[in-house]
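A.B. asks: There's a structure below that I have some questions on.
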Amino acid sequence: GSGLRHRGRASGVKIGTAAQPAAMAENGAYQAVLSQEFDSVTSESQMKWDIVEPARGAYDWTSSEALVRFAEANGQIVRGHTLVWHDALPGWVANGTFSPEQLRDLLREHIQTVVGRYKGRVAAWDVINEPIADTGGKLRPSLWMTALGPGYIADALRWAHEADPGAKLYINDYGVEAVNAKSDALYNVVRGLRRDGVPVDGVGFQSHLALSTNLTTLDANLRRFADLGLDIAITEMDVRLPLPATPAQHVAQAGLYTRVLQACLAVARCVSYTVWGFTDRYSWVPYAYPGWGDACLFDATYQPKPAYQQLRQLLVDS
Ligand code: G3I
């Protein structure tokens, strides 16, 4: 097609986007751009625990099926997001009074049920999302870490691998794009897993950026993870701008989008570059950062920004 998809093939990089359930139902311009532009689709919310099992034992596969069937109908791969996270938990899990043993059983059953259902239909899973604490270079004290200890990470990866040996299994985090205490902690966790023979295939660098984000050590950081024998993925790329953004800020935004793609193209093990939604119409940013937005490749009326044009040009030239 004339879009971004297939343009990364020469360098083995799939260009992807997250897709929102509400947008998928729009059944118009959103789906046209989604199918034309991207090799890969990530379940932005559809496969999170609060959506798939809102009440214990009462599974709702409606929106995950809509996403997977759309991708299958359009020859796109699916990145499943996410199995183990401290957020997007249904109330019956987050506020339950379960013992650690019961939580471990619940987590195993959750992973085996979701991964088992989508066996062969999901190319890669963000098995563990955001396991590293924002400061202190340690594991985030999530519900899972507090109840199960650091072993929950290896357990989750082994359960996912048992449920679908063909799926690539990732650990995914934010604020780890540069060399810093957080990415050092992530590096040590992943190195330990590899040393212990735990099935982990890749690391996802979310890349939720602002114009102020310092990326001088991005290339060295991606390379050190690749040197562990892992695939690298840019999993949630966006560049938030203070509103209303100026043309100069759109140009600077394009510079960051292409800077990160260049780093991915420069590392052989970088297998995908995914944006976290492609249109400002459905971006999470304004909700999380009031006064900020304009973070995506297309504006709210699906008009491409300089970032889109520059990514397309970079892919053609690569
Ligand atoms: O599905 C319900 C809908 O039925 C209801 O009417 C509506 C209003 O309450 O809420 C809908 O669920 C929302 C869901 O997005 C739908 O897409 C949730 O309230 C809302 O919390 C959820 O937000 C998502 C958030 O993760 C929490 O799951 C954002 O869209 C999504 O962009 C964001 O993505 C995260 C990644 O998973 C991890 N990395 C950070 C990134 C940004 O926070």
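A.B. asks: Students often forget the sequence filter, so: which lysines lie under 20 Å Cα-Cα from Lys14 once same-chain residues fewer than 8 apart are removed?
C.D. replies: Answer for Lys14, where 20 Å is the Cα cut-off: Lys168, listed by chain and number.
A.B. asks: Among the Cys residues of the chain, which have no other cysteine Cβ under 4.7 angstrom away?
C.D. replies: Cys296
A.B. asks: As I understand it, the value is the acute angle between the Cα axis of helix 181-195 and the longest principal axis of the Cα atoms of the chain; what does it come to in degrees, rounded to 10?
C.D. replies: In the chain, helix 181-195 runs at an angle near 60 degrees to the longest axis.
A.B. asks: May I pose another question? Measure nothing but the geometry: give the 0 to 90° angle between the long axis through the Cα atoms of 100-117 and the longest principal axis through the Cα atoms of the chain, rounded to 10°.
C.D. replies: Computed tilt is about 50 degrees.
A.B. asks: Each label point is 7 Å from the Cα along the Cα-to-Cβ direction; what then is the distance between the points at Gln31 and Ala210, in nm?
C.D. replies: In this crude spin-label approximation the distance works out to 3.8 nm.
A.B. asks: Got a sec? Charge dipole of the chain, +1 on Cβ for Lys and Arg, -1 for Asp and Glu; which of Val114, Leu311, Ala245 is way out at the positive end?
C.D. replies: Towards the positive end, the residue furthest out is Leu311.
A.B. asks: While we're looking at this one, here's another question. Taking only the alpha-carbon positions of the chain and ignoring solvent, what does the Debye formula give for the base-10 log of I(q)/I(0) at q = 0.06, 0.10, 0.12 Å⁻¹?
C.D. replies: Scattering profile of the chain, log10 relative to I(0): -0.18, -0.53, -0.78.
A.B. asks: Another one. Which log10 I(q)/I(0) values does region 121-193 give at q = 0.12, 0.15, 0.20, 0.27 Å⁻¹ under the Debye formula, counting every alpha carbon as one identical point scatterer?
C.D. replies: -0.33, -0.51, -0.86, -1.29
A.B. asks: Please state, rounded to one decimal and in Å, the Kirkwood hydrodynamic radius that region 3-111 gives when every pair of distinct Cα atoms enters the mean of 1/r.
C.D. replies: Result for region 3-111 stands at 15.3 Å.
A.B. asks: Shifting gears a bit: Using a cut-off of 16 Å between alpha-carbon atoms, which aspartates and glutamates can reach Lys138, once sequence neighbours fewer than 8 places away in the same chain are excluded?
C.D. replies: Answer for Lys138, where 16 Å is the Cα cut-off: Glu130, Asp173, Asp184, listed by chain and number.
A.B. asks: Cα-based Rg (one decimal) and Dmax (whole number) for region 175-318, in Å?
C.D. replies: Over region 175-318's Cα set, Rg and Dmax evaluate to 15.8, 50 Å.
A.B. asks: How many percent of Cα pairs in region 176-252 exceed 22 Å?
C.D. replies: That tail contains 33 percent of the Cα-Cα pairs.
A.B. asks: Take the Cα radius of gyration of region 251-313 and divide it by 2.2 N^0.38 Å, with N its residue count; two decimals is plenty. Can you show the working numbers first?
C.D. replies: Details: Rg = 12.5 Å, N = 63, 2.2 N^0.38 = 10.6 Å.
Relative to the rule-of-thumb radius for its length, region 251-313 sits at 1.18.
A.B. asks: If you look at just the Cα atoms of region 110-242, how large are its Rg and its Dmax in Å?
C.D. replies: Gyration radius and largest Cα-Cα distance of region 110-242: 14.8, 45 Å.
A.B. asks: Then there's this: In a Debye calculation with equal point scatterers on the alpha-carbon sites of region 79-170 and no solvent, what is log10 I(q)/I(0) at q = 0.18, 0.20 Å⁻¹?
C.D. replies: Scattering profile of region 79-170, log10 relative to I(0): -0.79, -0.96.
A.B. asks: Determine Rg/Rh for region 148-189; Rg is computed over alpha-carbon atoms and Rh is the Kirkwood hydrodynamic estimate from the same atoms.
C.D. replies: Rg/Rh: 1.06.
A.B. asks: Tell me, rounded to the nearest percent, the portion of alpha carbon pairs in region 54-120 spaced more than 21 Å apart.
C.D. replies: 31
A.B. asks: Let me ask you something else. Using only the alpha carbons of region 217-285, what is the convex hull's orientation-averaged projected area in square nanometres? Walk me through the numbers on the way to the answer.
C.D. replies: Working: hull surface 20.7 nm².
For region 217-285, averaging the hull's shadow over all directions gives 5.2 nm².
A.B. asks: In the chain, what percentage of the DSSP-assigned beta bridges are antiparallel, given to the nearest 5?
C.D. replies: Looking only at bridges with both residues in the chain, the antiparallel portion is about 10 percent.
All of the numbers you see were taken from the coordinates with simple rules; none came from a lab. Please read these numbers as outputs of a predicted model, since none were measured by experiment. Glycine also receives a Cβ, built like all others from the backbone with ideal geometry; neighbour counts cover every protein chain displayed.
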